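First the structure, in the form of structure tokens, and then the observations on it.
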Amino acid sequence: MRLSTGARLTARTIVLAYLGVLVALPVAVILWRSFGEGIGAFVASVTTPAAISAFNLSLLIVAIVVPVNVVFGITVALALVRGRFPGRAALQAVVDLPFAVSPIVVGVALILLWGVGGWFGGVEALGFRVIFGLPGMVLATIFVTMPFVVREVEPVLHEIGEEQEQAAATLGASGWQTFWRITLPAIRWGLTYGIVLTIARSLGEFGAVIMVSSGFPGVSQTLTLLVHGRYLDDHNTFGAYSAATLLMGMAIVALALMTLLDRKRSTR
């Protein structure tokens, strides 16, 4: 169906206005509030000990979550694509579970499992604290980011098929040799794209993390919790906007990497 010039212009105007109200305007307000007192004040706000600790903790969680999800994601994707076993449909559903379950529910479930009186709450008696500590925050983030690597690698495995892997096995290659020399190079772009998505979601996760974190500055406060704490608890609006701008800048870098990788993947 061909639209008239007026209809196309009207549709574009509506779309641009919609995006402007929902995306451009909030971003502009955040930037204006962050730099309204000058760049020096912004730098001072994001370099406080609490902000630096929150930044480092966010990066530490990402550094733990990404390798775990890479190993899990590749293993599950290979099992779903190459394997035929009872319960395969159930595994497919479990992989998509984080998309359907609220992060708040994830946090509550972790408290019921690992909190005092939970199924595995006895580990605290051994000096290993999960809830209100780094392990609980890592578990919550792993759960909400679990599907990304799987769902990015799975279609690539379908696309490349099994011919090259079977040929390598025929020539005497072991399973590990086939994986490192055939499978991994073939899925590298999908895997990288999934890693970028995992990083972006890990940095911005709030609902599940706040349930299993004490939220104490310098102890178990990520950047998202820092924004929440400054805005609601400390009533430090400028500091909250500054931390949000720092978090937004990290998200923009992740988005730029996603766009670049998507273009490279499409050209190949």
#### Entry: Inter-site label distance for Leu25 and Ala11 at 7 Å from Cα along Cβ, in nm
2.4 nm
### Choice from Ala168, Ala140, Ala256 showing the highest fluctuation, given a GNM over the chain with Cα pairs closer than 10 Å
Ala168
#### Entry: Under the Karplus curve 6.51 cos²θ - 1.76 cosθ + 1.60, θ = phi - 60°, whole-Hz ³J(HN,Hα) for the range 238-249, x wherever Gly or Pro sits
4, x, 5, 5, 5, 5, 5, 5, 4, 5, 5, x
### Query
Listed highest first by mean packing, meaning other Cβ atoms within 10 Å per residue, what order do 59-68, 76-85, 191-200 come in?
191-200, 59-68, 76-85
### Message
Quick query: amide H of Ser213 versus all other amide H atoms, modeled in the peptide plane; which residues come in under 5 Å with a sequence gap of 5 or more or a different chain?
### Response
Phe132
### Message
Using each residue's phi in the range 111-118, evaluate 6.51 cos²θ - 1.76 cosθ + 1.60 at θ = phi - 60° and report the 3J(HN,Hα) Karplus result to the nearest Hz, with x for Gly and Pro.
### Response
5, 5, 7, 10, x, 4, x, x
### Query
Can you put Thr178, Thr141, Thr259, Thr170 in order, fewest other beta carbons within 10 Å first?
Thr170, Thr259, Thr178, Thr141
### Message
Taking a ≥ b ≥ c as the square roots of the Cα gyration tensor eigenvalues, with a/c under 1.5 meaning rounded and otherwise prolate when a/b beats b/c, else oblate, which class fits the chain?
### Response
oblate
### Query
Ranked highest first by average number of other Cβ atoms within 10 Å, how do 91-98, 244-251 line up?
244-251, 91-98
### Task
Please report, in debye to the nearest 20, how large the charge dipole of the chain is about its Cα centre when each Lys and Arg carries +1 at its beta carbon and each Asp and Glu carries -1 there.
720 debye
### Query
What residue among Leu191, Gln221, Ala243 has its Cα farthest toward the positive end of the dipole of the range 183-268, where the charges are +1 on Lys, Arg and -1 on Asp, Glu, each on the Cβ?
Leu191
### Query
Under the Karplus relation 6.51 cos²θ - 1.76 cosθ + 1.60, θ = phi - 60°, what is the ordered set of whole-Hz ³J(HN,Hα) values for the range 17-29, x standing for Gly and Pro?
5, 4, 5, x, 6, 7, 10, 5, 5, x, 5, 4, 5
### Query
Which ordering of Phe55, Phe72 is given by a fewest-first count of other beta-carbon atoms within 10 Å?
Phe72, Phe55
### Summary
By Cβ neighbour count within 10 Å, fewest first, Glu37, Glu163, Glu152, Glu124 rank Glu163, Glu37, Glu124, Glu152
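Read the figures in this text as sums done on the coordinates, not as results from a lab. Note that the structure is a prediction, hence the values are computed from the model and not measured. Every residue, glycine as well, gets a Cβ built from its backbone with ideal geometry; the counts of neighbours run over all protein chains shown.
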